[in-house]
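**Student:** The structure under discussion is supplied below as structure tokens; questions concerning it will follow.
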Amino acid sequence: MITDKNQQIHFRVTPTEKEKLQKRARIANMTMSRYILALSEQKRIIVVDDVPKLVVEIMRIGTNINQIARIANSNNSISKSYLDRVQNNMEDIQTKLTEIIKKINDTVSDDCDGDNYGGSEIIT
């Protein structure tokens, strides 16, 4: 969705406040504009380390599975060793996804402190 963002809002902050906002936006891998807009919409911003790395690993595993599927389709059969590799790759994906979910849950639990938070969340 492309929007025409041509309006600007200006407000004053102290140098320390600006530095904090810039640092938090950078940690969240967001622009200042996107970060402040998310905060204004009462969205919770959750930063979970290593998620991008895990996503890349999952994509590589998916590529391996696709290569094995191509071999199976071109030969009209597949050996047990290839099936074992697919199963191992699927188990690796499940492990990686479980790691991601655990990190997100741990982060959310640490951030909530028993509060009922009504806003939506941005996970980076």
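**Student:** Go over the candidates ARG70, ARG85, ARG60 one by one and state the one that is surrounded by 13 or more Cβ atoms within 10 Å (Cβ to Cβ) and either under 17 Å from the mean Cα position of the chain (by Cα) or at pLDDT 80 or above (or both).
**Tutor:** ARG85
**Student:** If you don't mind, another one. For the stretch 13-58, give me each residue that is acidic (Asp, Glu) and without any contact (Cβ under 8 Å) to a residue 12 or more places away in the chain.
**Tutor:** Result: GLU17, GLU19.
**Student:** For the stretch 61-71, does any single residue satisfy the condition of being of a type in the set (S, T, N, Q) and touching a helix residue (DSSP H, G or I) at 6+ places or on another chain (Cβ under 7 Å)?
**Tutor:** yes
**Student:** Test each condition in (1) modelled with pLDDT of 85 or more; (2) within 22 Å of the chain's Cα centre (by Cα) for ILE122 and report the one that comes out false.
**Tutor:** All conditions are met except number (1).
**Student:** For residues that are among the hydrophobic types (A, V, I, L, M, F, W, C), surrounded by 12 or more Cβ atoms within 10 Å (Cβ to Cβ) and part of a loop (DSSP other than H, G, I, E, B), tally how many sit in the stretch 6-43.
**Tutor:** Counting residues in the stretch 6-43 that are among the hydrophobic types (A, V, I, L, M, F, W, C), surrounded by 12 or more Cβ atoms within 10 Å (Cβ to Cβ) and part of a loop (DSSP other than H, G, I, E, B) gives 2.
**Student:** In the stretch 44-57, which residues are of a type in the set (D, E, K, R), under 30 Å from LYS20 (Cβ atoms) and either out of contact with any Gly (no Cβ under 7 Å at 6 or more places or on another chain) or exposed (fewer than 12 other Cβ atoms within 10 Å of the Cβ) (or both)?
**Tutor:** ASP49, ASP50, LYS53
The values are calculated or read from the model by the stated rules, or taken from the named source; none is laboratory data. Please read all numbers here as calculations on a predicted model, not as lab measurements. All Cβ positions, glycine included, derive from the backbone under ideal geometry; neighbour counts span all protein chains shown.
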